[in-house]
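The values are calculated or read from the model by the stated rules, or taken from the named source; none is laboratory data. On a predicted model such as this, the values are computed, not experimentally measured, just so you know. Quick note on the areas: whole protein, heavy atoms, side chains included, nothing else; ligands and nucleic acids left out. Shrake-Rupley method; radii C 1.70, N 1.55, O 1.52, S 1.80 Å.
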Amino acid sequence: MKAGNAALVCFSGGQDSTTCLFWAKKQFDRVEAVIFSYGQRHVQEVAVAAGIAAEANIPFQILDLSLLSQLAPNALTDRTLAMDAEQPAGSYPNTFVPGRNMLFLTFAAVLARSRGICHLVTGVSQADYSGYPDCRDTFIRSLNVTLNLAMDEQFVIHTPLMNRDKSEVWALADELGVFDLVRTQTLTCYNGIPAEGCGHCPACNLRRAGLEKYTANPDGNSQYVLQD
């Protein structure tokens with residue numbers, strides 16, 4: 001039986017996917033989450049994600065995709081590589097994990113199909129995407145068609161953050177009433193430090209810049225003031 005108003009969220013426990021999790025709770029009658037362990041250096045995000053999902057009363061499943069770490073060198077699965085602080089000219093930052101979002105969404109679709117779910121939610125964004133090609137809207141639309149053809153289904157991939165920069169993601173979290181949760185309980189840091197993180201990896205820099213922009217000008221919708 002099809003669960004027409006149910007969604008499966010690709011969930012990492014970070015700022016973006018946590019915001020999407022609570023966005024999905026507002027949009028769908030039933031929400032589940034899938035969490036991926038792929039040999040990431042910030043593997044603590046798996047436990048963080050499981051904790052947030054449990055607190056939000058969202059059923060979740062953890063999938064082992066550790067094979068991904070064996071396929072291509074990148075700084076997120078190889079601790080011997082120093083992370084690029086900025087995107088190299090004419091190339092991708094070495095925190096890019098080739099095929100990651102494609103595999104995540106593909107496995108999510110297989111899992112969703114087994115549960116009669118046709119809506120998939122992911123936190124990718126082409127506004128603040130660190131140069132990752134698998135965060136672009138054109139990729140998501142293409143993959144959506146491919147998944148539907150491959151499984152003869154009518155999946156719909158939702159990307160509520162696609163055109164939001166990080167300050168707008170903070171604004172959405174505030175609108176959803178989870179600003180404090182996102183700020184204090186999520187793990188975005190590539191070095192595996194929750195909340196404000198290490199303060200210097202690419203993910204922390206992006207998160208911090210968005211927070212500073214939003215708290216400096218929350219359009220009258222927030223009382224939050226960023227403290228140094």
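Structure notes:
- Here the Gaussian network model covers the chain, with springs between Cα atoms less than 10 Å apart; of Asn205, Asn217, Asn94, Asn217 fluctuates the most.
- Alpha-carbon centroid distance for the pair the range 1-77 / the range 153-171, whole angstrom: 15
- In terms of accessible area, using a 1.4 Å probe and ignoring ligands and nucleic acids, Glu45, Glu212, Glu175 rank largest first as Glu175, Glu212, Glu45.
- Å² per residue, accessible surface of the chain at 1.4 Å: 47
- Expressed as a whole percent, the proportion of Cα-Cα pairs in the range 56-105 lying more than 19 Å apart is 39%.
- Seen from every direction in turn and averaged, the convex hull around the alpha carbons of the range 31-180 projects onto 9.9 nm².
- Here Lys213 is the anchor, and the aspartates and glutamates within straight C-alpha reach of less than 20 Å, apart from those fewer than 8 places off in the same chain, are Asp16, Glu86, Asp128, Asp165, Glu168, Asp174, Glu175, Asp180, Glu196, Asp228.
- When the solvent-accessible area of the chain is split by element, carbon and sulfur atoms take up 51 percent of it, the probe being 1.4 Å.
- Residue with peak Gaussian network fluctuation, the chain [Cα springs, cutoff 10 Å], from Val48, Val169, Val124: Val48
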